[in-house]
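The values are calculated or read from the model by the stated rules, or taken from the named source; none is laboratory data. Worth saying up front: this structure is predicted, and the values here are computed from it rather than measured. FYI the Cβ positions are ideal-geometry reconstructions off the backbone, even for glycines, and counts take in every protein chain you see. Just the protein is used for accessible areas: all its heavy atoms, side chains included, with ligands, DNA and RNA removed. Shrake-Rupley method; radii C 1.70, N 1.55, O 1.52, S 1.80 Å.
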Amino acid sequence: MPSSAAPATERGARARRNGQRDALAAGALDIAIVAASFGRLFYVRTPGRNAPDRVAVTRGKRTDLCVGDEVEIAPIGEDQAVIETLRPRRTLLQRSDRWRSKLLAANVDQIGVVIAGEPPFSEPLLLRVLIAAEAAGIAVALIVNKCDRSEATAAIRPRIDAYRALGYPVLEISAGPAPQETRAALHDWLSSRTTLLLGQSGMGKSTLVNTLVPDAELRTQAISQVLSSGKHTTTFSRLFDVPAEVADDARIIDTPGFQTFGLAHLSDSQRVHAMREFVPLLGQCRFYNCSHRDEPGCAIREAAQAGRIDELRYRLFTRLEADGD
Ligand SMILES: Nc1nc2c(ncn2[C@@H]2O[C@H](COP(=O)(O)OP(=O)(O)OP(=O)(O)O)[C@@H](O)[C@H]2O)c(=O)[nH]1
Ligand SMILES: [Mg+2]
C-alpha cells in the first residue's frame, strides 16, 4: 500500500517513530533514568548532567515504567521532558496479585531487604520478597537495622543465622544512632551498584537513605508537599545518587513499605527453584510432579522434618498459596 493511502493515524505513528530515530541520531534525544514515578508523571535524570531531575510525561500516556528504567527523552527547556522510548531492561522486580502487577524497579544490581527486631519483621513477607528476587535473578542481602536495640535484635538472631546459613549476606547496622559506622559497613557493598531497598513499613529504609544521602530528606519533603501527603511514611519510590565520599559510583532506591507481596506472576516451578535449599533435592521425590506439600515420599518435606533444611521456611513455603497471591 503506498504510504499516502495508509490511514492518517498509522502515517502519524510511523512519522513519529522515524522522527524519534532521527532525533536520537541527531543528538536531540537524551538517555535518562527514571528517578521517581507518580502515576503519569515521572522524574528523569540525565547521568552526568549537574541539574535537578526533569519532570516528564510519556508519549502516548503509557504508565508501565518504573524507577530505574532507562529511557530516551526529548528535553523541553531546562526542567521538563517527554519520554519517547523505553530501553530494554537488564532486570525487573515486580509483585502481583491475580489482577494486576506492580513494577517495583528496573535495572537494579542488588536488593537490600531491611529487617529489624522492633517492630518484629514478618518472615512470610521476607520469604516472598526473596522468592521474587531470586526469580528475577537479582542478588539479595539482608540488612538488619536497629541493632542498637540489643534485646529485640537478639530475639530475631536465630532467624538471621538461618538466612546467613543459606548464603545470604547479612549486614548489621544501626542507621539512626550510628550513621558513620553504617556508612563504613555498607561502603563496599554499595559501590559500583544500583541498590533497591525493600522492607515493611518502619524498618528504617528512609533513615538509612538519609544516612547515606545527606540531602535526601530535604528533596523528599519537597515532593511530599507537592503531593500534599505530609506523612512520614514513604509514599513513592525514589532513586538517589550516593555521594562519592560515602560510596563509589553508587545509587540507592528508597521504596514505600509493603504489607503484602504477591507472587502471582511466578509459576510453581519458579517458586520452588527460588527456594535455594530445595534445589539440590529436586528430582528426589517419589512423584515427578510432587508439589512438596502432602505427597508421600517428598524429599523436601522429609528433609525439613529431619532438620536437614530449615523447617520454618519449608512450612511458610507450603502456605504461600493459602496466604493468597
Ligand atoms: N532504634 C533505632 N530506631 C531506628 C533506626 N533506624 C530507624 N529507626 C526508627 O524507625 C522508625 C521508622 O523509620 P523509617 O526510616 O521511616 O522507616 P521506613 O522503613 O522508611 O518506613 P516506610 O517509609 O513507612 O516504609 C523511625 O522512627 C526511625 O527513627 C535505628 O537504627 N535504631
Ligand atoms: Mg520510608
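Points worth noting:
- For the chain, 66, 147, 298 stand unpaired, since no other cysteine beta carbon lies under 4.7 Å from theirs.
- The angle between the Cα long axis of helix 8-25 and the longest principal axis of the Cα atoms of the chain comes to about 80 degrees, rounded to the nearest 10.
- Taking the 1.4 Å solvent-accessible surface of the chain as the whole, the part contributed by carbon and sulfur is 51%.
- Shape call, segment 268-318: gyration tensor on alpha carbons, a/c limit 1.5: rounded
- Cα-based shape type of segment 92-254, given that a ≥ b ≥ c are square roots of the gyration tensor eigenvalues and the cut on a/c is 1.5: rounded
- Shape call, segment 145-204: gyration tensor on alpha carbons, a/c limit 1.5: oblate
- Proximal charge balance of residue 204 [Cβ under 15 Å; K/R count +1, D/E count -1]: -2
- The chain: radius of gyration over Cα atoms, expressed as a fraction of 2.2 N^0.38 Å: 1.14
- Residue by residue, segment 125-132 carries 3J(HN,Hα) couplings of 5, 4, 4, 5, 4, 5, 5, 4 Hz when phi is fed to the Karplus relation 6.51 cos²θ - 1.76 cosθ + 1.60 (θ = phi - 60°); x denotes Gly or Pro.
- Nearest 10 degrees, 0 to 90: helix 150-165 Cα axis against the chain principal axis: 90
- The dipole here belongs to the chain: it is taken about the Cα centre, uses +1 on the Cβ of Lys and Arg and -1 on the Cβ of Asp and Glu, and is about 1000 debye.
- For the chain: accessible area per residue (Å², 1.4 Å): 50
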